[in-house]
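Novice: Just dropping this structure here.
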Amino acid sequence: MKKFTLIKYLLIAILFYNCSGKSSRKPEAQYPLDIADTVKHFPASSQTKPMLFESAFMKGTSLKVKDKNANLYGVTAGKLRVTGGYIIACDPLHIKEYGKPFTQLFPTGEFPVQLSVVNVEDYETIAFGRIVFSDEPVARWENALQAGQAPIPFGGEKFYGYGVDAGIVVFFDKDALPSLNTDSLANMDTQLYREMNKHKHNGWKYAMYNAGNYNLAAFTTGFGDGRYATYIGFDAAGKPCRLLTDFEIFDWKNM
């Protein structure tokens, strides 16, 4: 699948939302940013490429796109409870069909779910979503695999990804599946989506949603629908320390 560049996405967004200085849609309800916990503590620095996978969560990171500044910062949506260690990332409308865990076993416990937000001319969207399993620096990145998928080179033309039709993704532990009402999650008028509307910002929203003894993280995906790749960051000891989904805002492979 061809990777789109930030320039194309930004032109689409700016033309749609900011025609002649006026919005083409009714303004969305805005909520104070302090509802989301801005990331203030960062894992140890890493020189492993792509460095954007780490710096995109740090306030003050800025990229020049033509004559516009793309400014990035990170927020912590909350902590995900991981009990079995097998993580699922998918569209909440299609958990029954596509809710398959990655084959990598991750640590158990409660871990921060963080969102990398990119701001251009006051329009914002989510560039990356990740789970931070430890503060150890990333020594290498690999493609996250599901059962039956053969390993492929990281950063190559081929990639695996999950499809999104709702413009939303959820992260959760496989153990939570029996506690999830998948029919309810497939209905965008139900509780999960009402919770997300309590945490709505200028172009993105999120929620931590409880399901019995488990929970899931839900948040919007870049500029909406697509097929998005997920990567695992390993520390120097070979332990997984990050799980990150890329929403194709930046063409980092050519940076």
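Novice: Output the residues belonging to region 175-194 that are in a helix (DSSP H, G or I) and touching a strand residue (DSSP E or B) at 6+ places or on another chain (Cβ under 6 Å).
Specialist: Ala176, Ser179, Leu192
Novice: Restrict the check to region 195-203 and report whether at least one residue is in a strand (DSSP E or B) and within 23 Å of Tyr73 (Cα to Cα).
Specialist: yes
Novice: Next up: Among residues belonging to region 201-255 that are touching a Leu at 6+ places or on another chain (Cβ under 9 Å), open to solvent by 30 Å² or more (accessible area, probe 1.4 Å) and in contact (Cβ under 8 Å) with a residue 40 or more places away in the chain, point out the one that is farthest from Lys49 (Cα to Cα).
Specialist: Only one residue tops the list, namely Tyr214.
Novice: Looking at Leu180, is it open to solvent by less than 30 Å² (accessible area, probe 1.4 Å), out of contact with any Gly (no Cβ under 7 Å at 6 or more places or on another chain) and more than 30 Å from Pro50 (Cβ to Cβ)?
Specialist: Spelling it out, Leu180 is indeed open to solvent by less than 30 Å² (accessible area, probe 1.4 Å), out of contact with any Gly (no Cβ under 7 Å at 6 or more places or on another chain) and more than 30 Å from Pro50 (Cβ to Cβ).
Novice: Could you count how many residues in region 107-136 are open to solvent by less than 40 Å² (accessible area, probe 1.4 Å), farther than 19 Å from Tyr160 by Cα and in contact with a Pro (Cβ under 9 Å, 6 or more places away or on another chain)?
Specialist: 3
Novice: If we keep just the residues of region 34-88 that are among the β-branched types (Val, Ile, Thr) and part of a loop (DSSP other than H, G, I, E, B), which is farthest from Asn210 (Cα to Cα)?
Specialist: Among those that are among the β-branched types (Val, Ile, Thr) and part of a loop (DSSP other than H, G, I, E, B), it is Thr48.
Novice: Look through region 100-134, keep the residues that are modelled with pLDDT under 95 and part of a loop (DSSP other than H, G, I, E, B), and return whichever of them is farthest from Ala77 (Cα to Cα).
Specialist: My answer is Glu121.
Novice: Is it true that Gly161 is crowded, with 17+ Cβ neighbours inside 10 Å, of a type outside the set (A, V, I, L, M, F, W, C) and in contact with a Lys or Arg (Cβ under 7 Å, 6 or more places away or on another chain)?
Specialist: When the stated conditions are applied, Gly161 passes them.
The values are calculated or read from the model by the stated rules, or taken from the named source; none is laboratory data. Since we're looking at a predicted model, the values are computed, not measured. Methodologically, a virtual Cβ is constructed for each residue, glycine included, from the backbone with ideal geometry; neighbour enumeration extends over all protein chains shown. Keep in mind that these areas ignore ligands, DNA and RNA; they rest on the heavy atoms of the full protein, side chains included. Shrake-Rupley method; radii C 1.70, N 1.55, O 1.52, S 1.80 Å.
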